[in-house]
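The structure appears right after this line, and notes come after that.
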Amino acid sequence: MTDPSVDGKQMTSTPCCTPAPKPPLRIGIAGLGTVGAGVMKLLRENAALIRARAGRELVVTAVSARDRTRDRGIDLSGVAWCDTPEELATHPDVDVVAELIGGAEGAARLTVTRALENRRPVVTANKALIAIHGAELACTAQAAGVPLMFEAAVAGGIPAIKTVREGLAADRILKIGGILNGTCNYILSVMHETGRDFAEILADAQKLGYAEADPSTDVDGIDTAHKLAILAGLAFGRPVVFASLYIEGIRRIGALDLQFARKMGYRIKLLGLACQHENGIEARVHPCLVPQDAPIAQVNGVFNAVVAEGAFVGRLMLEGRGAGEGPTATAVCADLIDIARGAAIPVWGCDADSLTQAVALPAKSFVGEYYLRLNVEDRPGVIADITAVLRDNGVSLRSMLQHADAHETRPDGTHAVPLVLLTHKTNEAAMQHALHHIAELSAVLDEPALIRIDAG
């Protein structure tokens, strides 16, 4: 057999050029709590899979945490230990910093800032930091020419950031929000199922590890607001000033409210809601009555749901676990894989130079329907007095429900009965004004309870 030739000339084969393998991406982890330890476990257990998807090996080369002696269930041999997270931010054997400390100030902010200023990409799960200082950090990252990634900061294992910033990049987002806190969703779900009160369910949630010893950040709506501020900033292309958000938690939701909601065909959920109007961005966190057949009403327990509505794509909903070692570590590692591949997505989806921070519209400008629960003296003329106040403030009544089974006789002999009113759409300022005057009526025995209604 003769060798192939062309015009009598011998052909020679040229070997293909094989790209040189990329060096490992060296990761420094600041914070070895539940998430930090989870990231190390995931990187090791799924090393082959991650290497194939990242195009290179991902290795943890340095860590920093407050307590060296604590047993975290992971092998730290061969990993450099930095006494402070700030030291880790500039460690010579670290290419990218994973900040998993938490908190908007102090060590977390300093570590992220120092890493970016030293041209180290940063991955963080720190929702408070991004919600409050995201605009400033975006400028720092852009000036350094390195990415700042935060998929794990919103809704844990749900790819909410990628969906909004990348998947919906070509569409104009009209609304965004959802159930963004698993602790509150768990408490409200169990209250709905059992009829038990908030304080009792909260105590159980703390025993099960679903709620912190100090649950204020969760149950007062702060955690939800951090996540909503981030989602709104991504959706509308401009970070929202966190201090301007309207925030209300679930402490005042009673078992009676859940009973009334069920009777009227609703569920109660703590929602973060943001939408863009011609005159600005509306961003608010508060409990809502949602129709029980709405998709978001079916999201129960510790699960989260992110809902977005685009001008072209329409409405979509992502549901999954919003916290915990596994979901959050998965989101952190997804960002690390992107960095290993060379992804360079602007923090807010557009150049930091073009960013202007938006102040959320004041709460008094909101328009919607309302649920109003009153505990009133059971005597003639009370309903007429209440409806007169609503009429005088331009609030139109849609329906009314009385709970006869909850009738009580108080120690002073007063007969009290709960009364629920549902309104048509009205302005928040008008509703609050009416509420103030209703509370002053002598027949209204306790502080009124007001919950907004959302179409779901």
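The values are calculated or read from the model by the stated rules, or taken from the named source; none is laboratory data. All of these numbers come straight from a predicted model, not from anything done at the bench. As a convention, Cβ positions derive from the backbone with ideal geometry for all residues, glycine included, and neighbour counts pool all protein chains shown. In case anyone asks, the SASA skips ligands and DNA or RNA and just uses the protein heavy atoms, side chains included. Shrake-Rupley method; radii C 1.70, N 1.55, O 1.52, S 1.80 Å.
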(request) Quickly run through the range 265-293 and pick out the residues that are assigned to a loop (DSSP other than H, G, I, E, B) and closer than 24 Å to residue 205 by Cβ. (result) 292
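Return the total of residues in the range 205-248 being small (Gly, Ala, Ser) and under 14 Å from the mean Cα position of the chain (by Cα). Let's see the steps before the verdict.
Keep residues of the range 205-248 that are small (Gly, Ala, Ser), which gives 205, 209, 211, 213, 216, 221, 225, 229, 232-233, 235, 237, 243-244.
The next check asks that each one be under 14 Å from the mean Cα position of the chain (by Cα); those that pass are 221, 225, 229, 232-233, 235.
Counting residues in the range 205-248 that are small (Gly, Ala, Ser) and under 14 Å from the mean Cα position of the chain (by Cα) gives 6.
So that you can scan it fast, the table gives a plain yes or no per residue for (1) modelled with pLDDT of 95 or more; (2) more than 22 Å from residue 134 (Cα to Cα); (3) crowded, with 19+ Cβ neighbours inside 10 Å; (4) within 14 Å of the chain's Cα centre (by Cα):
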residue: 266; (1), (2), (3), (4): yes, yes, yes, no
residue: 279; (1), (2), (3), (4): no, yes, no, no
residue: 290; (1), (2), (3), (4): yes, yes, yes, no
residue: 294; (1), (2), (3), (4): yes, yes, no, no
(request) Only residues that are out of contact with any Ser or Thr (no Cβ under 8 Å at 6 or more places or on another chain) and open to solvent by less than 70 Å² (accessible area, probe 1.4 Å): list them for the range 98-107, please. (result) 102, 103, 104, 106
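Checking the condition out of contact with any helix residue (DSSP H, G or I) (no Cβ under 8 Å at 6 or more places or on another chain), at negative phi and part of a helix (DSSP H, G or I), which residue from 228, 336, 234 passes? Break it down stepwise before answering.
Working: 336 fails: out of contact with any helix residue (DSSP H, G or I) (no Cβ under 8 Å at 6 or more places or on another chain); 234 fails: out of contact with any helix residue (DSSP H, G or I) (no Cβ under 8 Å at 6 or more places or on another chain).
After applying the criteria, what remains is 228.
Collect the residues in the range 142-178 that are in a loop (DSSP other than H, G, I, E, B), open to solvent by less than 10 Å² (accessible area, probe 1.4 Å) and farther than 23 Å from residue 89 by Cα, keeping them in residue-number order.
Scanning the range 142-178 gives 154, 155, 156, 158.
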(message) So the check is Cβ under 7 Å with 6+ separation or different chains; which pairs have a first residue in the range 369-388 that's modelled with pLDDT under 90 and a second one that's outside any helix (DSSP H, G or I) and open to solvent by 60 Å² or more (accessible area, probe 1.4 Å)?
(response) 377/415; 378/407; 378/415
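Could you say whether any residue in the range 202-216 is touching a Lys or Arg at 6+ places or on another chain (Cβ under 6 Å) and assigned to a helix (DSSP H, G or I)?
Applying the first criterion (touching a Lys or Arg at 6+ places or on another chain (Cβ under 6 Å)) to the range 202-216 yields none.
No, the range 202-216 has no match at all.
Given the structure, is residue 359 modelled with pLDDT under 95, of a type in the set (Val, Ile, Thr) and over 30 Å from residue 296 (Cα atoms)?
Details: modelled with pLDDT under 95: yes; of a type in the set (Val, Ile, Thr): yes; over 30 Å from residue 296 (Cα atoms): no.
The answer is no for residue 359.
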(message) Just the residues that are buried (at least 20 other Cβ atoms within 10 Å of the Cβ), modelled with pLDDT of 95 or more and among the small types (Gly, Ala, Ser), please, taken from the range 299-328.
(response) 305, 308
(message) Filter the range 407-456 down to the residues that are touching a residue at least 60 places away in the same chain (Cβ under 8 Å), within 17 Å of residue 252 (Cα to Cα) and of a type in the set (A, V, I, L, M, F, W, C) and list them by number.
(response) 420, 435, 445, 449, 450, 451, 453
(request) Among what's in the range 237-254 and is touching a helix residue (DSSP H, G or I) at 6+ places or on another chain (Cβ under 6 Å) and not in a loop (DSSP other than H, G, I, E, B), pick the residue that is least open to solvent (accessible area, probe 1.4 Å). (result) 240
(request) Scan the range 421-454 residue by residue and report those that are open to solvent by less than 40 Å² (accessible area, probe 1.4 Å), within 20 Å of residue 367 (Cα to Cα) and in a strand (DSSP E or B). (result) 421, 422, 423, 426, 449, 450, 451, 452, 453
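Yes or no, residue by residue, for (1) more than 17 Å from residue 351 (Cα to Cα); (2) modelled with pLDDT under 95:
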site	(1), (2)
109	yes, no
112	yes, no
116	no, no
122	yes, no
129	yes, no
134	no, yes
138	no, yes
143	no, yes
149	no, no
